[in-house]
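What follows is one structure encoded as structure tokens, with my remarks underneath.
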Amino acid sequence: MESVCTSERPNETSSLPATASAYLDPGYWDERFSKEEHYEWFKDYSHFRHLIQAHVTCHSSVLELGCGNSQMCEELYKDGTTNITCIDLSAIAVENMQKRLLCKGFKDIKVLQADMLELPFDDECFDVVIEKGTMDVLFVDSGDPWNPRPETMSKVMAMLKGVHRVLKSNGTFISITFGQPHFRRPIFDAPEFSWSVEYTTFGDGFHYFFYILKKGQRSLEEKISDKVSETPSISLFHEELESEDFLFRTNVEELNC
Ligand SMILES: C[S@@+](CC[C@H](N)C(=O)[O-])C[C@H]1O[C@@H](n2cnc3c(N)ncnc32)[C@H](O)[C@@H]1O
């Protein structure tokens, strides 16, 4: 890529891998990010800004997992939350993001190469951890979504334990995902976590899920958000997803089996 400060290409799906399991290969992401300037998985910040803003302040310390080449961190910054750390496993994503943020004047945003399965941060150091589409990567070869493979679950649990550990005692984990509550809730509700689990949705035809996990707030009588009744059936999703990346079409096909 010549310059990360020049004009930005719109979302495109030219970097689709041959198989969904390629999303687990760091080499895939490095190659993709060496060509792609900007791709916003799911939706851009403007679609869920109102949801995020309910959980951050200008004093919040925020960790974003798997930032890729998303603009979410700069949008958060523009809205007043300036203490942001982004991580990504891809060295190319990190380098490009660092250059882009510097060019645009967001020099306070920290960007590090790190594995979300082994977070290199102290215990209880972030108010908010956010991921958008990053946890979904761990599920691409999960097999039966009702009963994911043990290898998948061990990675997912390593990630979630790390997130729980680095969150302050009253911190919040926000997960923006394609993963539906009947698949995600049993995982988020694992007994080792002290967080409460709620969610809402956003999007037009297709609904994405916005999970809010509040550390230390777990109660025995957690209630699922009222929005659950508004969740569209999976059969409505397919046409909408034609414009999404391969990962999500694959998951829908699995769900339709
Ligand atoms: C589906 S993309 C989402 C990118 C971005 N969050 C967005 O919303 O556009 C997944 C991102 O997670 C990164 N990633 C994959 N595995 C990771 C891991 N173990 N630790 C940190 N980042 C990872 C990839 O390099 C990629 O940037």
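Observations, loosely collected:
- Residues in region 97-131 that are over 27 Å from Ser154 (Cα atoms), in contact with a helix residue (DSSP H, G or I) (Cβ under 6 Å, 6 or more places away or on another chain) and within 11 Å of the ligand (Cβ to nearest atom): none.
- One residue stands out in region 18-44 among those that are touching a Leu at 6+ places or on another chain (Cβ under 7 Å) and of a type outside the set (A, V, I, L, M, F, W, C): the one that is nearest to Gly133 (Cα to Cα), namely Tyr23.
- Between Glu95, Glu124, the distinction of being without any contact (Cβ under 8 Å) to a residue 12 or more places away in the chain, surrounded by fewer than 21 Cβ atoms within 10 Å (Cβ to Cβ) and over 14 Å from the mean Cα position of the chain (by Cα) belongs to Glu95 only.
The rows are residues; the columns are (1) at pLDDT 95 or above; (2) crowded, with 22+ Cβ neighbours inside 10 Å; (3) of a type in the set (Phe, Trp, Tyr); (4) more than 9 Å from the ligand (Cβ to nearest atom).
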{"position": "Tyr39", "(1), (2), (3), (4)": "no, no, yes, no"}
{"position": "Ser46", "(1), (2), (3), (4)": "yes, no, no, yes"}
{"position": "His50", "(1), (2), (3), (4)": "yes, no, no, yes"}
{"position": "Ala54", "(1), (2), (3), (4)": "yes, no, no, yes"}
{"position": "Cys58", "(1), (2), (3), (4)": "yes, no, no, yes"}
{"position": "Glu64", "(1), (2), (3), (4)": "yes, yes, no, no"}
{"position": "Leu76", "(1), (2), (3), (4)": "yes, yes, no, yes"}
{"position": "Ser90", "(1), (2), (3), (4)": "yes, yes, no, no"}
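- Among the residues of region 36-75, those identified as within 25 Å of Gly205 (Cα to Cα) and either of a type in the set (Ser, Thr, Tyr) or part of a helix (DSSP H, G or I) (or both) are Tyr39, Tyr45, Ser46, His47, Arg49, His50, Leu51, Ile52, Gln53, Ser70, Met72, Glu75.
- Residue within region 180-193 that is surrounded by fewer than 18 Cβ atoms within 10 Å (Cβ to Cβ), in contact with a Lys or Arg (Cβ under 8 Å, 6 or more places away or on another chain) and of a type in the set (Gly, Ala, Ser) present: no
- Scanning region 132-150 for residues that are within 14 Å of the ligand (Cβ to nearest atom) and either over 14 Å from Ile187 (Cβ atoms) or assigned to a helix (DSSP H, G or I) (or both) turns up Lys132, Gly133, Thr134, Met135, Asp136, Val137, Val140, Asp141.
- Only one of the numbered conditions (1) in contact with a Lys or Arg (Cβ under 8 Å, 6 or more places away or on another chain); (2) at pLDDT 95 or above; (3) on the phi > 0 side of the Ramachandran plot is violated by Gly216, and that is (1).
Conditions (1) touching a helix residue (DSSP H, G or I) at 6+ places or on another chain (Cβ under 7 Å); (2) part of a strand (DSSP E or B), marked per residue:
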{"residue": "Ile176", "(1), (2)": "no, yes"}
{"residue": "Ile187", "(1), (2)": "yes, no"}
{"residue": "Thr201", "(1), (2)": "yes, yes"}
{"residue": "Gly205", "(1), (2)": "yes, no"}
{"residue": "Leu213", "(1), (2)": "yes, yes"}
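- Residue list for region 174-199, restricted to those being polar (S, T, N, Q) and more than 21 Å from Phe139 (Cα to Cα): Ser194, Ser196
- Selection count where residues are modelled with pLDDT under 95 and touching a Pro at 6+ places or on another chain (Cβ under 8 Å), scope region 154-182: 0
The values are calculated or read from the model by the stated rules, or taken from the named source; none is laboratory data. What you are looking at is a predicted structure, and each value in this text was computed from that prediction instead of being measured. Backbone-built Cβ (ideal geometry, glycine too); neighbour counts: all protein chains shown.
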